[in-house]
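What follows is a single structure, written as structure tokens, with notes after it.
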Amino acid sequence: MKQGTTYKLIVSIDKVTDIDTVDSVIFTFADFSKTKILQKTYPTDVKYIEKKFNIP
């Protein structure tokens with residue numbers, strides 16, 4: 001990955017059966033030293049399309 005390059009992660013969580021009952025989901029990505037690199041929250045930053053979370 002180069003600096004300035006953008007990617008989209010697509011995440012599926014099998015336990016989500018009705019997204020209307022979910023208030024929020026927090027996705028946190030960290031490196032091995034547990035330093036937080038990226039944090040995105042549904043529904044603010046993350047879209048839910050076709051039973052998958054799309055994280056920009």
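Enumerate the lysines that Lys34 could reach by cross-link, defined here as Cα to Cα under 27 Å, with residues fewer than 8 away along the same chain left out.
Of all the lysines, those that pass the test against Lys34 - Cα under 27 Å, at least 8 places apart if same chain - are Lys2, Lys8, Lys15, Lys47, Lys52.
Averaging sequence separations of C-alpha pairs under 8 Å and six or more residues apart, then dividing by the length of the chain, give the relative contact order as a whole percent. Mind showing how you got there, number by number?
Details: 59 pairs, mean separation 22.1, N = 56.
Worked out over the chain, it gives 39 percent.
How large is the Rg to Rh ratio of the chain when both quantities use alpha carbon positions and Rh follows Kirkwood? Intermediate values should be presented prior to the final figure.
Values: Rg = 12.7 Å, Rh = 12.6 Å.
Checking Rg against Rh, the ratio lands at 1.01.
In nm, to one decimal, how far is the Lys51 label point from the Phe29 one, both placed 7 Å along Cα→Cβ?
That separation, rounded to one decimal, is 2.4 nm.
None of the figures in this text is laboratory data; all of them are computed from the coordinates on show. This is a predicted model, so every value here is computed, not measured. When we count neighbours, we look across all protein chains shown, and the Cβ atoms used for this are built from the backbone with ideal geometry, even at glycine.
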